[in-house]
Amino acid sequence: MKKVLSLATLSLVVLVAIHVFAISQWSGNNHYYQIVQVDVITWEDAKIAAENSVYNGWQGHLVTVNSQAENDFIADTSFLGDSYGMYGDIVWLGGYQTPPSPETDPAADWQWVTGEGWNYTNWHPNGYPSNYGGAGNYLNMLVNWWDLGPWTDVPNNAINVGQKVSYIIEYEPGSSVPEPLSLVLVALSLIGFVRRTR
């Protein structure tokens, strides 16, 4: 009985802590995008959660951005109009930098989680990438009323008190996952997220 009650309580906590928004399709590439807002999540945990997400049998991944048009679509979709925090919101994208480049060149060796080419950037004009905090290896999009869409490089756990933390999942038609496996992946993702938040 104790285990059932704990599981029910845990499920309630997870449901309150995560807000999943509707999936939107962008006509520019026919991919689907979904925003997930969480009280606290690191880039690495967001990557795992995105990769464990499935829509229409397609496996998700943290979003990759390959053009200004795609960046504009994502920024517009991500801006919920109610974020006026001093530091803006954290919106994790699927870009990361491999060491040792941050120490030598903050703009070098950026990659997408999918392995596709790093051919487009939208760095914030105020000195980014900057290797923020000596560990700015993860890509964040600013989505607030004064900065809609530029990128910054931040640490894995770059979260300030009161910020909304989100990540964007991209689903590409053709990236199939067998349906029975999708339920297992979702369950494992939730279990892993709950364990990491303890």
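Residue count for the stretch 57-100, restricted to those that are at pLDDT 95 or above, polar (S, T, N, Q) and in contact with a Ser or Thr (Cβ under 9 Å, 6 or more places away or on another chain): 2. Within the stretch 144-157, the only residue that satisfies the criterion of being more than 16 Å from Trp43 (Cβ to Cβ), open to solvent by less than 50 Å² (accessible area, probe 1.4 Å) and either in contact with a helix residue (DSSP H, G or I) (Cβ under 8 Å, 6 or more places away or on another chain) or without any contact (Cβ under 8 Å) to a residue 12 or more places away in the chain (or both) is Gly149.
Where residues in the stretch 47-64 are of a type outside the set (Gly, Ala, Ser) and within 12 Å of the chain's Cα centre (by Cα), which of them is farthest from Ser24 (Cα to Cα)? Once the filter is applied, the top-ranked residue is Ile48.
Identify the residue in the stretch 58-82 that is open to solvent by less than 10 Å² (accessible area, probe 1.4 Å) and assigned to a loop (DSSP other than H, G, I, E, B) and, among all such residues, is farthest from Leu93 (Cα to Cα). By that ranking, first place goes to Val65.
Filtering the stretch 135-168 to residues that are modelled with pLDDT under 85 and polar (S, T, N, Q) leaves Asn144, Asn160, Gln163. Taking the conditions (1) modelled with pLDDT under 75; (2) open to solvent by 30 Å² or more (accessible area, probe 1.4 Å) in turn, Ala107 satisfies each one other than (1). Across the stretch 169-191, the number of residues qualifying as at pLDDT 90 or above and not charged (D, E, K, R) comes to 3.
The values are calculated or read from the model by the stated rules, or taken from the named source; none is laboratory data. Everything numeric in this text was worked out from a predicted model, so none of it was measured. Glycine gets a Cβ as well: all are built from the backbone with ideal geometry, and neighbour counts include every protein chain shown. Just so you know, the surface numbers come from the protein's heavy atoms only, side chains and all, with ligands and any DNA or RNA stripped out. Shrake-Rupley method; radii C 1.70, N 1.55, O 1.52, S 1.80 Å.
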